[in-house]
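Worksheet: one structure, shown below.
Just so it is clear, none of the values below were taken in a lab; they were calculated from the coordinates. All values reported here derive from a predicted model rather than from experimental measurement. Ideal geometry is used to build each Cβ from the backbone, glycine not excepted, and the neighbour counts take in all protein chains shown.
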Amino acid sequence: MMQALHGLAAPAKLNLFLHITGRRADGYHLLQSAFVLIDWMDTIDLELRSDGVISREDVGAAGDPLPADDLCVRAARALQAACGTRLGAHIRLHKRIPSQAGMGGGSSDAATCLLGLQRLWQSREQLSKLEQIGLALGADVPFFLRGRNAWVEGVGEQMTPVDLPPARFAVIKPAQGLSTPAIFGHPALKRDTQRAIISGFAASPYDFGHNDLQPVAEMLNPQVTQALHALRNQGLSPRLTGSGSAVFAKISGDEILQAVPAGWQQKLCSTLPAHPLVGWADDYATYA
Ligand code: C5P
């Protein structure tokens, strides 16, 4: 039996646009968005434990320490319960993606743990079962499990893969983060954007729509406005990703990073054609 998997990638995402088109009875929002994977990544090591314990260790966390019960640990426990294994794992998380950024870092870590642990435990759940476990952990987890850049609808569970032309972005994460529930629950949030069609997006994927969460994010966090200005001052067209507080702008390739205030993070990123672990769930499904 395999003892460990080292250096599993957990990439971040950007939302090229994000429209809120309605709200479900349970309070969750109906959205339309395009999710693209980028090369700002966490990496995860998984080591088999025969005692059934799930433990976690963080290496090089940039921001505040993660809670003991972070999404990796919750994902591992949920998979353990679903597949009824007596095995456990030690999860070593090399954290590089900023938290409270709208870049999906926690969801991506959870997805990578699910994909890696089912291989380590030889549990062979169907992708649909993993997606069900993932969706209960966070609306973005199914996207990372599928591993393809996608046009996304519903509350995040309806995905259509899209092939996007390669692109580069300047990404800035201000020091102050933003809480997803605070943004989605804000009274000023516009929740009735007209539904768009995928062909409109596909015609100009990097210049389509807007992010309905951005005005509320700017109200709650003035550093978002400051970060948007910093990119506009370089002649770029920036936008918020997800519920922020990170912002991004497409670049032509030869831009250089300007200084940002202390405590902020920034990086030049490239799109990924697919998740490095794409196909991991399917492989197991075919053996089942
Ligand atoms: O699922 P996730 O943890 O990403 O969502 C955090 C919060 O954001 C939810 O509890 C909900 O308040 C809000 N949300 C929403 N509609 C979505 C996704 C998230 O209202 N489609």
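Fewest-first ordering of LEU257, LEU114 by other beta carbons within 10 Å of each residue's beta carbon gives LEU257, LEU114. Taking the Cα centre of segment 93-203 as reference, the dipole from Cβ charges on Lys and Arg (+1) and Asp and Glu (-1) amounts to some 260 debye. Kirkwood's formula applied to the C-alpha pairs of segment 230-270 gives a hydrodynamic radius of 11.2 angstrom.
Highest GNM mean-square fluctuation among PHE169, PHE144, PHE35, for the chain modelled with Cα contacts below 10 Å: PHE169.
Rounded to the nearest whole angstrom, the semi-axes of the ellipsoid equivalent to segment 168-270, taken from the Cα gyration tensor as √(5λ), stand at 23, 20, 10, largest first. Distance from the Cα centroid of segment 154-168 to that of segment 53-98 is 27 Å (rounded to whole angstrom). Its Cα gyration tensor gives segment 100-159 an equivalent ellipsoid, and the semi-axes of that ellipsoid, as √(5λ) in whole Å with the largest first, are 19, 13, 9.
Mark the label point 7 Å from the Cα of GLN122 along Cα→Cβ and return the residues of segment 1-30 whose backbone N is within less than 19 Å of it. In segment 1-30, the label zone of GLN122 (backbone N under 19 Å from the point 7 Å along Cα→Cβ) covers 1-6. Loop-located trypsin sites (Lys or Arg not before Pro) in segment 29-124 (DSSP state other than H, G, I, E, B) with a sparse environment of at most 12 neighbouring Cβ atoms within 10 Å: ARG86.
Just so you know, the Rg over Rh for the chain is 0.96, from Cα atoms, with Rh as the Kirkwood radius. Taking Cα centre as origin and charging only the Cβ of basic (Lys, Arg, +1) and acidic (Asp, Glu, -1) residues, the dipole magnitude of segment 1-110 rounds to 320 debye.
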